Amino acid sequence: MTGGTRTTTGEGIPTASARATSVARTVTDVLQPRNVLLAGMLGIGLAAAGGEVSGLLWGFLGALCAGLIPAGYIEWERGRGTWGDRHVVDRTKRAPIFFVILGSIGAGSMVMVLGNAPTGILVAMLALWVMTIGLLAVNTVWKISVDSAVASAAVSLLAVVHSPWWTATYALTAAVCWSRVALGYHTVAQTLAGAGLGAATTVAYVCV
């Protein structure tokens, strides 16, 4: 639909007005997975190492493997013309991304094991690995929001390793969910499912 305040994407999901779309675009770009994981994993690493600087290094390794390398792969494929942008709106084309994430997190986790990294950051990595398995499994039959899952996972993990007060930053996760719906990349159900799966990463800490 054109000429009004609403438009639709190729998947028929309605998007918001031009002003709301601009705000949503900013939110989804600033709080995209690589940025959220960079901030989140640095915080988790610092807490896992008891505040020592070495924790930041382990956290950066986690962010590199879980967020930066996969983001680089997406940009590489985008440059080759495989996808139009980082959002990869076609669910059927997302599987390679998940396999890259699994391989990258797996390699990073192995380095952490060999380097005697703090338990907390290693558990966070394994939790993200399991979460990615879940995303891949769901993606085979239904489009789930990865951005929402990552934003939720980062907040829930920070709340576990630092303080429950970190749950207040779920407002950022809510903003990510809203932006994905406003831009027409996902439905409300898809973002809520992603956020729920992300929150489930804390189960790893309960089991350790």
>> Checking Asp85 against (1) open to solvent by less than 30 Å² (accessible area, probe 1.4 Å); (2) charged (D, E, K, R); (3) within 19 Å of Arg180 (Cβ to Cβ): exactly one of these is not met. Which one?
In response: (1)
> Taking interchain pairs and intrachain pairs at least six residues apart, which have beta carbon atoms under 6 angstrom, with the first residue in the range 174-185 and under 11 Å from Asp147 (Cα atoms) and part of a helix (DSSP H, G or I) and the second hydroxyl-bearing (Ser, Thr, Tyr) and open to solvent by less than 10 Å² (accessible area, probe 1.4 Å)?
Replying inline: Val176/Ser148; Cys177/Ser148; Cys177/Thr191; Ser179/Thr28; Arg180/Ser145; Arg180/Thr191
> Do we find that Ala39 is touching a helix residue (DSSP H, G or I) at 6+ places or on another chain (Cβ under 9 Å), assigned to a helix (DSSP H, G or I) and surrounded by fewer than 21 Cβ atoms within 10 Å (Cβ to Cβ) in this structure?
Replying inline: yes
> Across the range 165-201, which residue is farthest from Leu128 (Cα to Cα) among those that are of a type in the set (S, T, N, Q) and surrounded by 19 or more Cβ atoms within 10 Å (Cβ to Cβ)?
Replying inline: Ser179
> Within the range 47-63, how many residues are open to solvent by less than 60 Å² (accessible area, probe 1.4 Å) and not polar (S, T, N, Q)?
Replying inline: 10
> Of all residues in the range 107-136, how many are modelled with pLDDT of 95 or more, open to solvent by 60 Å² or more (accessible area, probe 1.4 Å) and either small (Gly, Ala, Ser) or over 28 Å from Tyr185 (Cα atoms) (or both)?
Replying inline: 5
> Quick one: would you say Ala18 is at pLDDT below 95, of a type in the set (A, V, I, L, M, F, W, C) and over 30 Å from Thr187 (Cβ atoms)?
Replying inline: no
>> Condition check: at pLDDT 95 or above and either open to solvent by less than 30 Å² (accessible area, probe 1.4 Å) or out of contact with any strand residue (DSSP E or B) (no Cβ under 6 Å at 6 or more places or on another chain) (or both). Does Ala149 satisfy that?
In response: yes
>> If I go through the range 51-89 residue by residue, how many of them are in a loop (DSSP other than H, G, I, E, B), touching a residue at least 24 places away in the same chain (Cβ under 8 Å) and not aliphatic (A, V, I, L, M)?
In response: 2
>> Can you pull out every residue in the range 89-106 that is open to solvent by 50 Å² or more (accessible area, probe 1.4 Å) and of a type in the set (Lys, Arg)?
In response: Arg91, Lys93
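The values are calculated or read from the model by the stated rules, or taken from the named source; none is laboratory data. All of these numbers come straight from a predicted model, not from anything done at the bench. Every residue, glycine as well, gets a Cβ built from its backbone with ideal geometry; the counts of neighbours run over all protein chains shown. Side chains included, ligands, DNA and RNA excluded: accessible areas come from the protein's heavy atoms. Shrake-Rupley method; radii C 1.70, N 1.55, O 1.52, S 1.80 Å.
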